1. For the range 92-127, give me each residue that is within 19 Å of VAL32 (Cβ to Cβ), surrounded by 11 or more Cβ atoms within 10 Å (Cβ to Cβ), out of contact with any Asp or Glu (no Cβ under 6 Å at 6 or more places or on another chain) and touching a residue at least 40 places away in the same chain (Cβ under 8 Å).
2. Given THR13, THR43, which one is farther than 17 Å from ASN69 by Cβ and polar (S, T, N, Q)?
3. Within the range 27-46, which residues are touching a residue at least 40 places away in the same chain (Cβ under 8 Å), under 13 Å from HIS93 (Cα atoms) and of a type in the set (Val, Ile, Thr)?
Amino acid sequence: MSAPPITLLEDATVDEAARVMWDKGVGSVLIVDRENRLVGILTERDILYASAHLMFGKDVKAKSIMSKNVVTASPDEEVVSIVEKMKDFNIRHIPVVDVDGKPVGVVSSRDVLDFGVRFLSLFMRSG
């Protein structure tokens with residue numbers, strides 16, 4: 001899990017979000033309300049979709065193209081459960097939220113791959 005998560009307020013523009021994603025080297029930003037509760041996620045895929053459908057410009061708000069029905073995980077959720085969600089919903093980023101709906105991290109497919117490599121490395125050394 002990457003923590004703390006990269007967040008932007010829901011009135012941020014897509015241009016701002018793309019710059020933050022580029023600067024931070026991440027594939028998504030979490031969109032939050034003024035109380036820091038998760039309201040959506042904006043991913044590279046969302047930005048590509050918007051660009052392909054001419055929904056792109058300096059004034060386009062992130063909330064207008066973000067995914068609103070966000071699949072989330074809890075801080076104590078098992079890795080296997082998170083990976084199953086990624087597979088079942090065909091997504092690469094899962095926000096981890098606390099009981100108040102506030103983001104505490106993000107699990108990405110990159111995190112899962114890193115975990116798998118470390119696990120395999122330990123397995124290979126022990127056997």
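The values are calculated or read from the model by the stated rules, or taken from the named source; none is laboratory data. This one's a predicted model, so the numbers in the text were calculated from it and none came from an experiment. Here the Cβ positions follow ideal geometry from the backbone for every residue, glycine too, while neighbour counts run over all protein chains shown.
1. Matches in the range 92-127: HIS93, PRO95, VAL96, VAL97, GLY101, LYS102, PRO103, GLY105, VAL106, VAL107, SER108.
2. Step by step, each of THR13, THR43 is checked, and only THR13 is farther than 17 Å from ASN69 by Cβ and polar (S, T, N, Q).
3. ILE41, THR43
Table: residues versus (1) modelled with pLDDT of 95 or more; (2) in contact with a strand residue (DSSP E or B) (Cβ under 6 Å, 6 or more places away or on another chain); (3) more than 12 Å from LYS63 (Cα to Cα); (4) surrounded by fewer than 20 Cβ atoms within 10 Å (Cβ to Cβ).
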| residue | (1), (2), (3), (4) |
| --- | --- |
| LEU9 | yes, no, no, yes |
| ALA18 | no, no, yes, yes |
| ASP23 | yes, no, yes, yes |
| SER28 | yes, yes, yes, no |
| ASP33 | yes, yes, no, yes |
| ILE41 | yes, yes, no, no |
| LEU48 | no, no, yes, yes |
